[in-house]
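Beneath this line is the structure, given in structure tokens, with notes to follow.
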Amino acid sequence: MDVRLLLIILLSVLCQLVIGSLSSTFYIWLNGTYGELQADRLLRDDLDFGSSFGGENHTVNEKTKNEPVILIHEITNKIDLFNPIRMYFLEHNYDDDEVYDIAFGDAGITGILFDTMKCDYVKKVRELIQSVSAYAASKVDIIAYSIGSPIARKAIMGGICVDDDSNNLGHPLTELIDTFLSVAGINYGTQFCIFPFGSCNILNGLHCLSRFLSDVNSKKHYEGKHVFTLYSKNDDKVSYRSCGKLTSGIDGEDGKFEVSFSNCPNFGFNKITDNEIR
């Protein structure tokens, strides 16, 4: 996928509501392929209608026209805020079987101050990546936002969960990913984590010294064939630097795009012209 197209899409986020869910065709395929438990984990109807989207009436094992795009948002969000990005893709020659998202967290029930990068969240994202790639017979592109970035990176990286050493995710999924784009990713923690408890704990939290972040940063360029980051130097939600590192950076990335706008409440960005991206 053209990275410039991805950036233009990302920088036009508005607030709209999602009307939809995983398609019945995709759900039936998930049920038959992986079982009802995994199908329900990805459907997320426990969070009410509109907690997932994607699938359409795709012909299984037939390669999609475009590489599917998987949106990975932050823990506390449902998928409402990302419908504009989905709609942009649909208005630019993508179909509903080529754009996916699920609410992998509890949609804010726990609260941002206490939720963490749990192994179960990582497993849901990993299951989605594997399922979409198999369903579409294609590599996928991933756009991961905020806390969703390190969670998606661990899902791709595989290996032992830092908060559950009895849970081995398996081998890396690198070969399934074409382009990985991290947007305002908390890849090196945040300077706002002063006290190491709750969501800032040093096991699977956002503290710059957490085991989770040390784990995902211990290897380079496993996130996909092409790895990019997009972030703001004026980010007042994620922060610009943490423990001497660029908060949103990824070692070994193929390119980075720095902008100067403040971060929006939904960790998106205000609209920026194509010239500013350049």
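Structural remarks
- Among the criteria (1) outside any strand (DSSP E or B); (2) at pLDDT 95 or above; (3) surrounded by fewer than 24 Cβ atoms within 10 Å (Cβ to Cβ); (4) of a type in the set (S, T, N, Q), the one S149 does not fulfil is (3).
Results for (1) under 14 Å from I151 (Cα atoms); (2) acidic (D, E); (3) without any contact (Cβ under 8 Å) to a residue 24 or more places away in the chain, shown as yes or no for each residue.
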| position | (1), (2), (3) |
| --- | --- |
| N187 | yes, no, no |
| Q191 | no, no, no |
| I202 | no, no, yes |
| C208 | no, no, no |
| V216 | yes, no, no |
| K219 | no, no, no |
| Y231 | no, no, no |
| N234 | no, no, no |
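- Which listed residue is farther than 18 Å from G252 by Cβ, small (G, A, S) and either surrounded by fewer than 16 Cβ atoms within 10 Å (Cβ to Cβ) or in contact with a Ser or Thr (Cβ under 7 Å, 6 or more places away or on another chain) (or both), from S214, S199, S218: S199
- Some residue of region 47-67 being over 18 Å from S146 (Cβ atoms), part of a helix (DSSP H, G or I) and touching an Asp or Glu at 6+ places or on another chain (Cβ under 9 Å): yes
- Here the condition is being in a loop (DSSP other than H, G, I, E, B), over 14 Å from the mean Cα position of the chain (by Cα), among the aliphatic types (A, V, I, L, M) and crowded, with 16+ Cβ neighbours inside 10 Å; of A107, A39, A134, it holds for A107 alone.
- Scan region 248-260 for residues that are within 24 Å of C200 (Cβ to Cβ) and surrounded by fewer than 23 Cβ atoms within 10 Å (Cβ to Cβ) and the total you get is 2.
- Test for V99: is it at pLDDT 90 or above, out of contact with any Ser or Thr (no Cβ under 9 Å at 6 or more places or on another chain) and aliphatic (A, V, I, L, M): yes
- Condition broken by E91, with the remaining ones in (1) within 12 Å of the chain's Cα centre (by Cα); (2) more than 29 Å from G159 (Cβ to Cβ) satisfied: (1)
The values are calculated or read from the model by the stated rules, or taken from the named source; none is laboratory data. Since the model is a prediction, treat every value here as computed from it, not as a measurement. Every residue, glycine as well, gets a Cβ built from its backbone with ideal geometry; the counts of neighbours run over all protein chains shown.
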